[in-house]
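**Q** Got a structure for you, questions after.
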Amino acid sequence: MKVLQITGGKELSGTIRISGAKNSSVALIPAAILADVDDVTICNVPEITDTDVLSDILTYLGADVRRASESIVISPGSIQNREIPEELAKRLRASYYFMGALLGKYGHVEMYFPGGCSIGQRPINLHLKGFESLGATIEIIGDKYIVDAKELHGANIYLDFASVGATINIMLAAVKAKGTTVIDNAAKEPEIVNIATFLNNMGAKITGAGTSEVKIVGVSQLKGCFHEVIPDRIEAGTYTIIGALVGHYLKIDNIIPEHIEALTSKLLEMGVELEIGSDYLIVNRPSKYRPVNMTTLVFPGFPTDLQQPFTVLATRCDGKSTIEETIYENRFMHIPYLNKMGAKIEVSGSVATVYGPTPLTGTEVEATDLRAGAALVTAALIADGKTTITNINHILRGYENIVEKLTDVGAKIEEVEI
Ligand code: EPZ
């Protein structure tokens, strides 16, 4: 079994370079199959297990996939519309983007319910509602979805919740539909803009991405293109939080500062020293942290994906902080482990109340999901003594070269086989 062993208390300085965004890459790779002619080249793709699995699915479908470090070249010419094996589909959440992409390309898809972090129920009803509005019928057999359309046509689709996945999946299915599709109450996350730009580079006609109304005028053909993944705002935010705890002029490089403004404004409110440049920030830990109240929201609000590492920061605050999770029902799985390390956090419904400051002590903890793992790495870096984190596959799904990146700035962290 592989574990991470971290000895806390080291000051971190130097530069951490942020990789391409996981949550963009995992949609761009399936979207590539929509190209009717020419290769698709996507660069700045993080080398993490989630992107590996999606490349495996593409290869399984018959695409020629060539990966050279952070670039991936996909020739979709020889793709066949085969059913993706359940085992592959369940290895990650983003396998569901093959639903929209295969439906958009072939008018038919058979797929299993996706996997991903256990942080709530995570239904896909809004994706299915979108497909139905575009003219598809849906049959559900056990865990398998058979989605079929004689012809996809444009439609007006209102999303009850501004879902990232549903917005992207509907864009993928609608991009070649006949007529115009309008998604109302669309998600506004930067990843949506990145996917829409990619599809437009392929010849699609999408406007309004990044606002709550996305308009897609269907086109008959799409071609390959060259595209760059945006920097990962959640990786950037995670390392910024770490810097706020143990950073000494720690530079977080290759970021889009506007994408993490909800975090940086909270950090400033807490008394963290930040210098924000055009594509970087420099963070210093303060001697005292003011307590905060934070609520997760859809973009541009505070991202749920940073809630778990942010909770660790609250254990350092002078007094009572509250953290409210509004996006998922079950995203507090890191808290029992933080309490085991010495934190004093009480959970009531969707609110965690953190009483600080409390020193943390190293012990054995388990990464129950990706961002819980990020929170435990963060906690281990400030804890007294050694922390052993198990179930680290979750962490490696989403953070490229995390051990190397932290070691390079002075952390004592090792991946060990026990
Ligand atoms: C994406 O998940 C990300 N995953 C998540 O990142 C991220 O937390 C989330 O967006 C919100 O920003 C990927 O991009 C692969 P949603 P997604 O649809 O698309 C409910 C991480 O740590 N909902 O916006 O699944 C749903 O249950 C991960 O990197 C429905 O009810 O998120 C959830 O409560 C975890 N019905 C809420 O909406 C639906 O049909 C937000 O989900 C769809 C969603």
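**Q** Kindly indicate which of Gly130, Gly107 is among the small types (Gly, Ala, Ser) and either within 15 Å of the ligand (Cβ to nearest atom) or open to solvent by 30 Å² or more (accessible area, probe 1.4 Å) (or both). Write out each step before concluding.
**A** Values: Gly107 fails: either within 15 Å of the ligand (Cβ to nearest atom) or open to solvent by 30 Å² or more (accessible area, probe 1.4 Å) (or both).
Just one listed residue meets the conditions, Gly130.
**Q** Here's something else I'd like to know. In the set Ile57, Ile72, Ile6, Ile16, which member is touching a Phe, Trp or Tyr at 6+ places or on another chain (Cβ under 7 Å), under 27 Å from Gly237 (Cβ atoms), among the β-branched types (Val, Ile, Thr) and open to solvent by less than 60 Å² (accessible area, probe 1.4 Å)? Full working, then the answer.
**A** Numbers: Ile57 fails: under 27 Å from Gly237 (Cβ atoms); Ile72 fails: touching a Phe, Trp or Tyr at 6+ places or on another chain (Cβ under 7 Å); Ile6 fails: touching a Phe, Trp or Tyr at 6+ places or on another chain (Cβ under 7 Å).
Matching residue, one of Ile57, Ile72, Ile6, Ile16: Ile16.
**Q** Residue by residue through region 207-229, note down the ones that are surrounded by fewer than 22 Cβ atoms within 10 Å (Cβ to Cβ), touching a helix residue (DSSP H, G or I) at 6+ places or on another chain (Cβ under 7 Å) and hydrophobic (A, V, I, L, M, F, W, C).
**A** Scanning region 207-229 gives a single hit, Cys225.
**Q** Same structure, new question: Condition check: part of a loop (DSSP other than H, G, I, E, B), in the same structural domain as Thr238 (by TED's automatic domain parsing), within 26 Å of Lys251 (Cβ to Cβ) and acidic (Asp, Glu). Does Glu404 satisfy that?
**A** no
**Q** Restricting attention to region 353-379, and to residues there that are within 22 Å of the chain's Cα centre (by Cα) and more than 16 Å from the ligand (Cβ to nearest atom), which single residue is most open to solvent (accessible area, probe 1.4 Å)?
**A** The qualifying residue most open to solvent (accessible area, probe 1.4 Å) is Glu366.
**Q** Yes or no: region 164-181 includes at least one residue that is in contact (Cβ under 8 Å) with a residue 12 or more places away in the chain, near the ligand (Cβ under 10 Å from one of its atoms) and not in a helix (DSSP H, G or I).
**A** No, because not a single residue in region 164-181 is in contact (Cβ under 8 Å) with a residue 12 or more places away in the chain, near the ligand (Cβ under 10 Å from one of its atoms) and not in a helix (DSSP H, G or I).
**Q** Grab the strands (runs of 3 or more DSSP E) fully contained in region 101-151, keeping just those with 2 or more residues being without any contact (Cβ under 8 Å) to a residue 12 or more places away in the chain and more than 19 Å from Val219 (Cα to Cα). Reasoning before the result, please.
**A** Values: elements: 108-112, 137-141, 144-148.
Hits in region 101-151: 137-141.
**Q** Would you mention how many residues in region 253-275 are out of contact with any Asp or Glu (no Cβ under 9 Å at 6 or more places or on another chain) and either polar (S, T, N, Q) or part of a strand (DSSP E or B) (or both)?
**A** Of the residues in region 253-275, 5 are out of contact with any Asp or Glu (no Cβ under 9 Å at 6 or more places or on another chain) and either polar (S, T, N, Q) or part of a strand (DSSP E or B) (or both).
**Q** Additional query: Could you please find all residues in region 133-164 being among the basic types (Lys, Arg) and surrounded by 12 or more Cβ atoms within 10 Å (Cβ to Cβ)?
**A** Lys144, the sole residue that qualifies.
**Q** Moving on. Regarding region 94-105, can at least one residue be identified that is of a type outside the set (S, T, N, Q) and farther than 22 Å from Leu152 by Cα? Break it down stepwise before answering.
**A** Taking region 94-105 as the starting set, the residues that turn out to be of a type outside the set (S, T, N, Q) are 94, 96-105.
Of the ones still in play, those that are also farther than 22 Å from Leu152 by Cα are 94.
Yes, region 94-105 contains a residue that is of a type outside the set (S, T, N, Q) and farther than 22 Å from Leu152 by Cα.
The values are calculated or read from the model by the stated rules, or taken from the named source; none is laboratory data. This structure is a prediction, so every number in the text was calculated from the model and none was measured. Cβ: placed from backbone, ideal geometry, glycine included. Neighbour counts: every protein chain shown. SASA here: full protein model, heavy atoms, side chains in, ligands and nucleic acids out. Shrake-Rupley method; radii C 1.70, N 1.55, O 1.52, S 1.80 Å.
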